[in-house]
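Bear in mind these aren't lab numbers, they're just calculated from the coordinates by the rules spelled out. Since we're looking at a predicted model, the values are computed, not measured. Cβ coordinates were reconstructed from backbone atoms using ideal geometry, including for glycine residues, and neighbour counts include every protein chain displayed.
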Amino acid sequence: MTATDTALVLDETRWSIVERRASMTAAERLAADVRYGLAQQPPTLPARWFYDEKGSVLFDEITRLPEYYPTRRETEILKARAADIVATTGATTLIELGSGTSEKTRILLRAFTARGPLLFAPMDVSVEVLADAAGTVAATYPGITVQATVADFDESLAPLAGDPGARLIAFLGGTIGNLDPEGRDEFFTKLRDAMAPGDHLLIGADLRKDPARLVAAYDDSAGVTAAFNRNLIEVLRRELQAEGLDPADFVHVARWNAEASRIEMWLRAATDVHARFPTLDLEWELAAGEEMLTEISTKFDLPGLHQVPVELGVEDGLVGVVEVAQGPLAGEAAGELRQLLRQLNMSRQQLAQLHKCPNHKDADLHSSLTI
Ligand SMILES: C[S@@+](CC[C@H](N)C(=O)[O-])C[C@H]1O[C@@H](n2cnc3c(N)ncnc32)[C@H](O)[C@@H]1O
C-alpha cells in the first residue's frame, strides 16, 4: 500500500484490497468518457464501463458459453505451461492486470505455490469481483498473500507490488485486444515505466481465425453477450441519472472488421433515441438504425504479437522470449519466429522448447518476455 492508496479492507486473513488514487474519480472519468465518446462519429465508449457488478457476472457467464473458445483455450495453454512459467520467471510476486475472477489464474497460483510462498496482486476496476476473487484465493491457498488493488490500467501502473525483478505481470483473457493501437502504445509505455529488469510479462492474446467462428464467439445463441453489451446502457442510465435511455431500445451487433483485424461490438438503435444527461447538461441523439461502437477485440498474427516488445520499447534490453504456448509452427510463421528468436540471441535449448508445445488447433498464443 502506498500513500496514494485508500484501504477498503485490511484484515488478518492474508488478503487486503485498496483503491488506488487516480487522476480523476470514477464519476469524473465516466463523465469525461461520455462527453468525449458520444460526440465522436460513430459514437464510442471505452470497454471499462461494461464491468459493473452485473456486467462482470455476465462476462463470467460468457467465458463458459460453448461459442466462446478463448477461455477454454487459454485454460488449456496455462495448464500445459504453468510449470514452465514458474521455472522461467522464478517470480515471487504475480501481478494480474484486469484480473476479473482470476479463475484461470488459479492454474498459475497452484504451480507457484508448489514451489513456495507467493504474493498475488490482482488489479481491476470492478471492486465486487476483485474482493470476491481476493478472499477466495487467500482462503484456498495458504501459501499466498493477496494484495488486491482497485485501479484503472489507463492510469499509471507504478508502483507495482512485490520485489522489483522477481515479478510476473499477467495480462490474460485477450484484454490487450480491447485496446486500439494508440491505447496499446500508451499501455506499454506505462508498463515499461513500471516494470524493472528481471520482471516478466505474460500476455494472453487471440490470433486471427475464421470470421464466422469469431462472430459466433461474440454473438452467442443464448444472448448472453447481447445482454452484456446492452448492460452498458443501463450503467449510463443509472450512474448519470440519464433520461430517455433504455437498454431494450438497442440491438447487439457483432461484426468482423477485416481491415483492422478485429471483432467489433456495436449497439444499434432500434428506435430514435433522445437521451438527456442532466448531471452533464448534455443531450444525445441516435437515430433508428445508427450505431455506437462499444468494444473492439483485436485478433493478432504472429508478426503483430512480436511487435509487443518493440511497442514496449525494450528490444535492446530484451534478454529472452519464450513462447509459452503455441501449436507446432509451420511455414512462414515458423520462419518469422525463428528469425525473431535469432535476433534475440535465443539459445538452442530455448528454441527447442518451442517444439515441445502442445498442439492447439487455434494456435492461440501467449508470449512471455523479460525486460
Ligand atoms: C476481458 S475481461 C478478462 C478478465 C480475466 N482476466 C479473464 O482472463 O477472464 C477484462 C477485465 O479487465 C477489467 N478491465 C477493463 N477495463 C479496465 C481498466 N481500464 N482498468 C482495469 N481493469 C479493467 C474488467 O473489469 C475485466 O475484469
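Please give me, ordered by residue number, the trypsin sites (Lys or Arg not before Pro) of segment 61-95 that lie in loop per DSSP and have at most 12 other Cβ atoms within 10 Å. Answer by residue number: 64.
Quick one: net charge of residue 256's neighbours, Cβ under 11 Å, K/R +1, D/E -1? Neighbourhood net charge equals +2. Contact order, relative form, for segment 157-275: 22 percent (alpha carbon pairs under 8 Å, 6 or more residues apart, mean separation divided by residue count). Taking 0.36 nm per residue of separation and subtracting the Cα-Cα distance, full extension of the segment from residue 13 to residue 26 would add 1.8 nm. Charged neighbours of residue 282, selected by a Cβ distance under 14 Å, balance to -3 (K, R count +1; D, E count -1).
Site pair residue 241 and residue 114 shows an inter-label distance of 5.5 nm when each label is modelled 7 Å from Cα along Cα→Cβ.
As a rough guide to protection, the peptides 274-287, 157-170 ranked by mean Cβ packing within 10 Å, highest first, stand as 157-170, 274-287. In this label model, residue 255 and residue 285 are separated by 2.2 nm, measuring between points 7 Å along each Cα→Cβ vector. Checked against a 25 Å cut-off, the cross-linked pairs 54/209; 190/299; 104/299; 54/79 give Cα-Cα distances beyond that limit for 54/209; 54/79. Please give the FRET efficiency for residue 234 paired with residue 212, using the beta carbon to beta carbon distance and R0 = 22 Å, rounded to the nearest 0.05. Calculated value: 0.15.
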